[in-house]
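Structure first, commentary second.
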Amino acid sequence: MKHIFKTKTTTTFSLFLLLAINIVYGFISMSYISKGSENDKVLFQGAEFLKSLRELQAEVLNIESSSRGYIITGDEGYLNNLELNEDNIKSELQFLPENVLQKENIENVTVLNKLVNDKIDNVNNVVRIYNEKGIKVATNEVEYGQGTRLMEDINEEINKLNASTKVIMNNTVSDGKNYVIKMRLFIIISTIGEMSIALLFLSFIYKDVDHRNILEEQLMQAKQKADKKVIIKEQFMANMSHEIRTPMNAIIGFTSLLQKTPMNEKQNEYVKTIKSAGENLLNLINDILDFSKIEAGMFRIENIPFSVPELMNSVYTMFLEKAKAKKLTMTLSVDEKIPQTILGDPTRLTQIIVNLLGNALKFTRNGEINISSKLLNSTEDNMLLEFTIQDTGIGISEDKLEEIFDRFNQGNVTTTREYGGTGLGLAIVKSLVTLQYGTLNVKSTHGKGSSFSFTITYKKCKDVVNTPPLSLSPKLKTEDAHVRVLLAEDNQMNQTLALTVLTDLGFKVDLAENGQVAYDMLKKNNNYDIVLMDLQMPVLDGYMAVRKIRNELNSTIPIIAMTAHVLPDEKEKCISSGMNDFITKPFKEEELHTIIIKNIYHTIPSSATNNNEAIPKINKRKPAELVDLSYLLELTKGKKSFILEMIHIFLEQNPIDLQVIEKAIAKSDLETVKAIAHKMKTSISFIGLTDKIGSDLDLMEHQENGITLDLIKKHFDNVKAVCEKAQAELIIYKNKI
């Protein structure tokens, strides 16, 4: 009995002990879980706080950049960015106190809040100074005023908050690790009294860890794939931009030449419409290829004067012949209450209407298409306009109306198969309307037609200034002064071309072979009016040269970037480095003239006057199978001596470039391959070889991930074969003329 009693007691005690162990185990486990949850909350809150600090710092830099951009260019579009960034800053400042990890940091947040608000006031004050006293006073205020000190103080406060927050987060991580170690020890000890529960718990923990490791590995692989796709997408965008821009530039260029020939009134109207349509189409192509820029919120909306009636009439004329070809009736209605000139973005409005009108034509087989604009509301400064495109086409079923604005969506597979298209048009329309704070609506009945309407608020153009056209003569500033241009360019063909064009335009030009020479010449002589700066040069490239000119010489001289790059954000990169404007090579005479005058006088000339005597044109633009001299002939008005000089330079330099690349490939010297490939891109464009080997040189220059030396050699072999054939053609052509 005693044994039984003892056994029962022991069993009961064991049960109570096991129950007690379970209870203690449960409480301790809950404390660990609670602590882990608190740590996660701290880490998440800290990450959000650091993110807000980064975004706040970026927004402050943006208002600084916008004010500088406005002062340098006078472009009011920067003021719109300034207002938007100020709103974002105020939102971030409200968010910071809610997520600060340490109460002691509240004081730093308060100081940061005051500094940022002072910075906003300072930026607005700089803009006011520019408006009232001009660019010199404003520039002096930017360089030496309170703004620089405020920026340093803001960065210092942000760095303090960053540092203290990271310390707390690191301590939290360490604390979490310590709790994990203690938890493991507790599990080992608890197995003495309850092995099965401990093993089960350990099994659960390790399974959970393994599962998390698997998920993390899968997440890492997914991120790598996504990054690779982004790189491929950007490369595709760059290549497609080049391939599509080339024929479009040819269309626009030859249309410009056609406009200079004798035509009757009707022909002139058609050619004018073709040119307008081509220019709009080129803008649309660039925007579609850069759709990722819209998604990233980096799309800039302009605010310039334009005419709604003229824009609507131009689009109507553009599509009228297509409508007639399909035997459709197309009507245009423009509200007479809409002012002749308003402020807004005509390119984006054209893009929206063209997309919607293009869809209407595509999906309408018979009946009519109506285009209309209406003034809905008007205040002292603004007006609300509504644009409607209505058709009698196939219509859209009610269940698909919400989906049609998604990317790559055309309602159903049958529509895509029968009518074609990418499904990007309406997605772009929605994005562009939203970017201009507008609304987009659609009404449709399947089989009967659709009506797309959108509203956008535009500003009234109160002061329409009719600036008299500038006549470009050798003496522009005063009766005794010439406009002096400093040209920084290392490529011999580019040098010859630019010097000839600039001299013909009446400018006085000095040449610098690289960025360092340009810097030295500006340091010795401050009488230059403007600098044309190539970006990729030996010794000192364009970006470094501009930084030295701005920072060491404290010069505010207008600097125009000249580059063959057409990648997205290249212009923004140039402006942020201190340049005033941007022009791509190969450039046109009128474009170069316009950009120089605009940046010297802040006025856009209506036309350029060539002071040279008329030069007979060489008849053959395409003298052989490969070579095409259309660009050189158009640029130089067929000046024979200049054409011969450019051919001579190409025949002299091209074999040397090919030999240097061939030797570099043999030595696996990829940097030399990059440099010479970039250099050759401009020279081949002068003789019409871009569409033949431009993509090969792009690949050799950029050398994206996965590009092997063998693949580079394969593309070089094609470049060499084409260039050698072009050299032979040029020799024959040169001897004939």
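The values are calculated or read from the model by the stated rules, or taken from the named source; none is laboratory data. The structure presented is a predicted model; accordingly, all values stated were derived computationally and were not measured. Cβ atoms come from the backbone with ideal geometry, glycine included; neighbour counts cover every protein chain shown. Protein only, heavy atoms only, side chains kept; ligands, DNA and RNA dropped before computing areas. Shrake-Rupley method; radii C 1.70, N 1.55, O 1.52, S 1.80 Å.
The residues H678, H715, H648, sorted by heavy-atom accessible surface at 1.4 Å with ligands and nucleic acids left out, run H648, H715, H678 from largest to smallest.
For the pair A58 and Q659, a Förster radius of 41 Å applied to the C-beta separation gives a FRET efficiency near 0.30, rounded to the nearest 0.05.
Placing S576, S307 in order of accessible area, with the largest value first and a 1.4 Å probe, yields S576, S307. Does a label point 7 Å from the Cα of S451, set along Cα-to-beta-carbon, have any residues of region 381-403 with amide nitrogen under 13 Å, and which are they? Within reach of a label on S451: 387-392. On region 138-177, 49 percent of the accessible area sits on carbon and sulfur atoms, based on a 1.4 Å probe. Summing Cβ point charges (Lys, Arg +1; Asp, Glu -1) relative to the Cα centre of region 639-704 gives a dipole of roughly 280 debye.
Accessible surface for R547 stands near 100 Å², nearest 10, in the context of the full protein assembly shown (1.4 Å probe). For the pair K462 and N366, the difference between a 0.36 nm per residue extended length and the Cα-Cα distance amounts to 30.2 nm.
A crude spin-label estimate for the pair D175 and T341, with each label 7 Å from Cα along the Cβ direction, gives 6.5 nm.
FRET efficiency for the pair N159 and T503, taken as 1/(1 + (r/R0)^6) with r the Cβ-Cβ distance and R0 = 56 Å, rounds to 0.60. Using R0 = 45 Å, the C-beta based FRET efficiency linking E76 and Y270 works out to 0.80.
Determine the alpha carbon to alpha carbon distance for each of K508/K548; K324/K460; K119/K225; K275/K326; K114/K523; K90/K225 and list only those over 30 Å. Could the numbers behind the result be given before it?
Values: K508/K548 24 Å; K324/K460 36 Å; K119/K225 41 Å; K275/K326 23 Å; K114/K523 40 Å; K90/K225 37 Å.
With Cα atoms farther than 30 Å apart: K324/K460; K119/K225; K114/K523; K90/K225.
Taking 0.36 nm per residue of separation and subtracting the Cα-Cα distance, full extension of the segment from K443 to N125 would add 109.7 nm. Dimensions of region 646-720 based on its C-alpha atoms, expressed as ranges along the principal axes with the largest first, amount to 36, 23, 17 Å.
One decimal place: the segment N527-S576 gains 15.2 nm when fully extended, by the rule 0.36 nm per residue minus the C-alpha distance. Put a dot 7 Å past the Cα of I135, heading toward its Cβ, do the same for M263, and the two dots end up 3.6 nm apart.
For I649, I707, the ranking by accessible surface with the largest value first comes to I707, I649, using a 1.4 Å probe.
Heavy-atom accessible surface of D541, to the nearest 10 Å², is about 50 Å², with a 1.4 Å probe and all protein chains retained. Each pair of Cα atoms in region 105-169 enters the Kirkwood radius, and Stokes-Einstein at 10 °C and 1.306 mPa s then converts it into a translational diffusion coefficient of 123 µm²/s.
With each label modelled as a point 7 angstrom along the Cα→C-beta vector, the L651-A325 pair spans 4.4 nm.
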